[in-house]
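Down below is the structure, laid out as structure tokens.
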Amino acid sequence: MRVLMVSDVYFPRVNGVSTSIETFRRTLSAHGVEVKLVVPRYGDEAEAPGIVRVAGRPVPGDREDRLVGWRAMHRAVFAAAQDCDLIHVQTPFVAHYAGLKAGRARGLPVVATYHTLFEEYLQHYAKPIPPSWLRGQARALSRRQCNQLDAVIVPSTAMRQRLDSYGVTSPIHVLPTGIPMAQFAGGNGMRFRRKFGIGESRPMALFVGRVAHEKNIGFLLEALVQARHIRPDALLVIAGEGPAMADLKAQAGALGLRDAVQFIGYLDRQQDLPDCYAAANVFVFASRTETQGLVLLEAMAAGVPVIALSEMGTTDILAPARGAFSPPDEPRAFGEVLGQFLKNPESWRHLNDEAPIYAREWTDVAMAERLARLYGELADCKIDPNFRLTVAI
């Protein structure tokens, strides 16, 4: 079976969507699924089998992302879909319209993964516009786009509930992105600490992700102030880059945390990122808009317990309270828990033991098998080229 994945974002741009695409692309082949990609070109990326790059230009005010040409993307997707059985759209921008048009023209099922909660995301990037208006527009667009599809994939139960509330009537399937256990279980924490000048025994909390306003990293800085009342040498390492970097550095300075916060930028996923996880005593996360929270599972796979807010997509991961703890949504209370953890790690040893065992239930292999099965069910259906999936043969 051949599947065409279409996206407005992919590596070398690092985020959850790119990670999800690559994880499934790598693991689906074991289930008889060959994946082709049509994705943006960011620079001089080398040609790779099965990947078509479409030229684009930087998004205004965002040097990390690319806006691909409308016609170029449509042409590339239409050509790549020629020998495919199904189209899987990964983003709701040009990729959505190109994938949908090619799918209808060629009589192929079109499915999309709804990765991002745009109604909460947009207000951070269009501040002059009233948030209520932005949320309404985001909901309406999401409803319209999802109802054009034959099926929608979401990474968490909370996301399915949110799309249900929008009025989405297309079939919705909860299917998280899995994690490669072996990749994150073999990190060298001491190597990371030496590389970044972190003391061998210094208590280290870690955040990994895009340094963006919607990640609520400022909350972690406020919590760190409280944690350092309990464990004065506590360090917060922030791995990632993004548009909130300058604001967060200023906030850290204003809170007197210049020596307690270390911004280290993006890390290579093959060695540096696993090493980074292995170096941490605890992983911290405060996003209220996450659709899944894949980094929580990556940390757990490395044997690192998690302290995180249970909101939206992270709830599915945190609800069993295995390898993780969810404090109240208040910086002082969160910081109190973090400080106590770093002061008395032996009292929390059960979380370290539980974390990798629990993470194995979310492996990339298991999730790829579920996705391959869904592809098969959709591809066995007869498609009405004028609109949507109709009846199974």
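The values are calculated or read from the model by the stated rules, or taken from the named source; none is laboratory data. Only a predicted model underlies this, so the values are computations on that prediction, with no experimental measurement involved. Note: ideal-geometry Cβ built from the backbone for every residue, glycine included; neighbour counts use all protein chains shown.
For region 55-105, enumerate the residues that are closer than 24 Å to residue 173 by Cβ and of a type in the set (S, T, N, Q).
Answer for region 55-105, where residues must be closer than 24 Å to residue 173 by Cβ and of a type in the set (S, T, N, Q): 90, 91.
Taking residue 64 and the conditions (1) within 22 Å of the chain's Cα centre (by Cα); (2) surrounded by 19 or more Cβ atoms within 10 Å (Cβ to Cβ); (3) not β-branched (Val, Ile, Thr), which numbered condition does it fall short on, given that it satisfies the others?
Only one criterion in (1) within 22 Å of the chain's Cα centre (by Cα); (2) surrounded by 19 or more Cβ atoms within 10 Å (Cβ to Cβ); (3) not β-branched (Val, Ile, Thr) is unmet by residue 64, namely (2).
If you go through region 316-351 one residue at a time, how many are assigned to a helix (DSSP H, G or I) and either surrounded by 17 or more Cβ atoms within 10 Å (Cβ to Cβ) or among the hydrophobic types (A, V, I, L, M, F, W, C) (or both)?
Adding up the residues that qualify gives 15.
Answer with yes or no whether residue 122 is more than 19 Å from the chain's Cα centre (by Cα) and either at pLDDT 95 or above or on the phi < 0 side of the Ramachandran plot (or both).
no
Check 254, 234, 244, 227 and return the single one that is out of contact with any strand residue (DSSP E or B) (no Cβ under 6 Å at 6 or more places or on another chain), in the same structural domain as residue 192 (by TED's automatic domain parsing), hydrophobic (A, V, I, L, M, F, W, C) and surrounded by fewer than 16 Cβ atoms within 10 Å (Cβ to Cβ).
254
Can you list residue pairs whose Cβ atoms sit under 7 Å apart, with the first residue in region 1-30 being buried (at least 20 other Cβ atoms within 10 Å of the Cβ) and at pLDDT 95 or above and the second being of a type in the set (Asp, Glu) and assigned to a strand (DSSP E or B)? Count only pairs 6 or more apart in sequence or on different chains.
9/65
Could you count how many residues in region 16-72 are under 22 Å from residue 244 (Cα atoms) and in contact with an Asp or Glu (Cβ under 6 Å, 6 or more places away or on another chain)?
Of the residues in region 16-72, 1 are under 22 Å from residue 244 (Cα atoms) and in contact with an Asp or Glu (Cβ under 6 Å, 6 or more places away or on another chain).
Tell me which of these residue 354 doesn't satisfy, since it passes every other one: (1) surrounded by fewer than 24 Cβ atoms within 10 Å (Cβ to Cβ); (2) within 26 Å of residue 213 (Cβ to Cβ); (3) more than 18 Å from the chain's Cα centre (by Cα).
(2)
Picking from 297, 273, 257, which residue would you name as being outside any loop (DSSP other than H, G, I, E, B) and under 25 Å from residue 329 (Cβ atoms)?
297
Could you say whether any residue in region 300-312 is surrounded by fewer than 23 Cβ atoms within 10 Å (Cβ to Cβ), polar (S, T, N, Q), touching a helix residue (DSSP H, G or I) at 6+ places or on another chain (Cβ under 9 Å) and not assigned by TED's automatic domain parsing to the domain that holds residue 20?
yes
Every residue in region 278-290 that is assigned to a loop (DSSP other than H, G, I, E, B) and either surrounded by 24 or more Cβ atoms within 10 Å (Cβ to Cβ) or free of Cβ contacts under 8 Å to residues at least 24 places away in the same chain (or both), please.
280, 286, 287, 290
Here are some residues: 135, 143, 139. Which one is within 16 Å of residue 111 (Cα to Cα) and free of Cβ contacts under 8 Å to residues at least 40 places away in the same chain?
Exactly one residue qualifies, and that residue is 143.
Given the condition of a type in the set (S, T, N, Q), loosely packed, with under 13 Cβ neighbours inside 10 Å and assigned by TED's automatic domain parsing to the domain that holds residue 369, answer yes or no: does some residue in region 69-82 qualify?
Yes, the conditions are met somewhere in region 69-82.
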